[in-house]
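*Asks:* Quick one: the structure is below, and I'll ask about it shortly.
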Amino acid sequence: MDCNIVKDNKKENENEIEVDDYIRIDDDIEDDVDDYDYDEFDPFDFIRSLPPLEPYRDPILPPKPENSPEITLVLDLDETLVHCTTTEMDEYDVMFPVELNGQQFQVSGRYRPYCSEFLEKVAEMFEVIIFTASQKVYADTLLDFMDPSHKLISHRLFRDECVTVYGNYLKDLSVLGRDLSKTIIIDNSIYAFGYQLENGIPITSWYSDKNDKELLCVLEFLESIVGVYDVRPYLKEKYNLIDRANASYNRYNNDTINDDSSSIVPNTPTRAASASSASFITSSPQQKSPVLYNK
Ligand SMILES: [Mg+2]
């Protein structure tokens, strides 16, 4: 099987109105956003600039039941399992209205190939949690379509449970109240799990490719690590994100060794992020209208 272990987050179709990673657009900064080449965005630059987490936050989930699988699998939603938009789709798997701030939106969405099979399989092996930076009003409705009987997904976490860093939404796994040696997150946005890179599986962003097999590839890997004592060495060996982050850090230091600027300036996604509260799915940097989803 041809598996892409890590690719960037470039959109498959640049004309499609959709979201980039957790970035919301404010009218005041749209010109800045337009000037920025998001294809150049390096998530490791952003991760390098992350401030320390609060030392401790109370767990937001109840303890895991005794009969629950040992390993917890945290899944992103948009562009990892589905692609949704408020523009009309020729073909869609779901369509539903969402009301936000008195305004009605019609959301249509497609499931990534093998999404249903993937969810069925991982639910047999792991405690499955959806953790999305999209707003509950949208994502909860979507998840009711994907898991109508609430048997596959144990918990649903939304934007409000994210940590906001420079206006971007990040998923701090330490708030789950789970053993991090037995916690995995799959997300198409690497910086979303920037605080726990060693727990992450990056996956390519999906929009429409009917031949995509990334979920099957990830599933094959997940099946291989069921029952391990600590998932992190296996993720490191497979995805090597820590080394990539370190390489980015070293590159930055070399580039700036003669730079007399002493502060790390938040990178451009940060500038793009002072948010419009109207967005409930994360917005594309190119999109100027209020948006509903998140990647
Ligand atoms: Mg996403």
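*Asks:* Kindly identify the stretch 183-226 as rounded, prolate or oblate by the Cα gyration tensor criterion: order the square roots of the eigenvalues as a ≥ b ≥ c, call it rounded if a/c is under 1.5, otherwise compare a/b with b/c, prolate if a/b is larger, else oblate.
*Replies:* Oblate.
*Asks:* Is the stretch 136-213 best put as rounded, prolate or oblate by its Cα gyration tensor, with a ≥ b ≥ c the root eigenvalues, rounded for a/c under 1.5, and otherwise prolate when a/b is larger than b/c, oblate when not?
*Replies:* Rounded, because the longest to shortest axis ratio a/c is under 1.5.
*Asks:* OK, next. So, counting K/R as plus one and D/E as minus one, what does the shell of residues with Cβ under 9 Å around Y195 add up to?
*Replies:* Taking every other residue near Y195 into account, the sum is 0.
*Asks:* Quick one: net charge around L180, please, counting Lys, Arg +1 and Asp, Glu -1 for every other residue with C-beta under 14 Å from its C-beta.
*Replies:* Surrounding charge for L180 is +1.
*Asks:* Sort the stretch 87-219 into rounded, prolate or oblate with this rule: let a ≥ b ≥ c be the square roots of the eigenvalues of the Cα gyration tensor; rounded if a/c is under 1.5, and if a/c is not under 1.5, prolate when a/b is larger than b/c, oblate otherwise.
*Replies:* Oblate.
*Asks:* Another question, then. Quick one: Cα centre-to-centre distance for the stretch 60-129 and the stretch 159-179, in angstrom?
*Replies:* 18 Å
*Asks:* Between D58 and S224, what is the label-point separation in nm under the 7 Å Cα-to-beta-carbon projection?
*Replies:* Here the answer is 4.2 nm between the modelled labels.
*Asks:* Between S116 and N211, what is the FRET efficiency for a Förster distance of 22 Å, r being their Cβ-Cβ separation, to the nearest 0.05?
*Replies:* Plugging the Cβ-Cβ distance into 1/(1 + (r/R0)^6) gives 0.85.
*Asks:* Once you charge only the Cβ atoms, +1 for Lys and Arg and -1 for Asp and Glu, what is the size of the charge dipole of the stretch 60-219 about its Cα centre, to the nearest 20 debye?
*Replies:* Computed charge dipole of the stretch 60-219: roughly 260 debye.
*Asks:* On to the next question. Could you order peptides 77-85, 203-211 by the average number of other Cβ atoms within 10 Å of their residues, highest first?
*Replies:* Put in order of decreasing packing, that is 77-85, 203-211.
*Asks:* Taking the mean number of other Cβ atoms within 10 Å as a proxy for protection, how do you rank 68-75, 242-249 from highest to lowest?
*Replies:* 68-75, 242-249
*Asks:* I've got another one for you. Using mean Cβ contacts within 10 Å as the protection proxy, how do 225-232, 126-133 order, highest first?
*Replies:* 126-133, 225-232
Any read-out appearing in this document is the output of simple, stated calculations on the displayed coordinates, not a laboratory observation. Bear in mind that the values here come from a model prediction, so they are computed numbers and not experimental data. Virtual Cβ from ideal backbone geometry, glycine too; neighbours counted across all protein chains shown.
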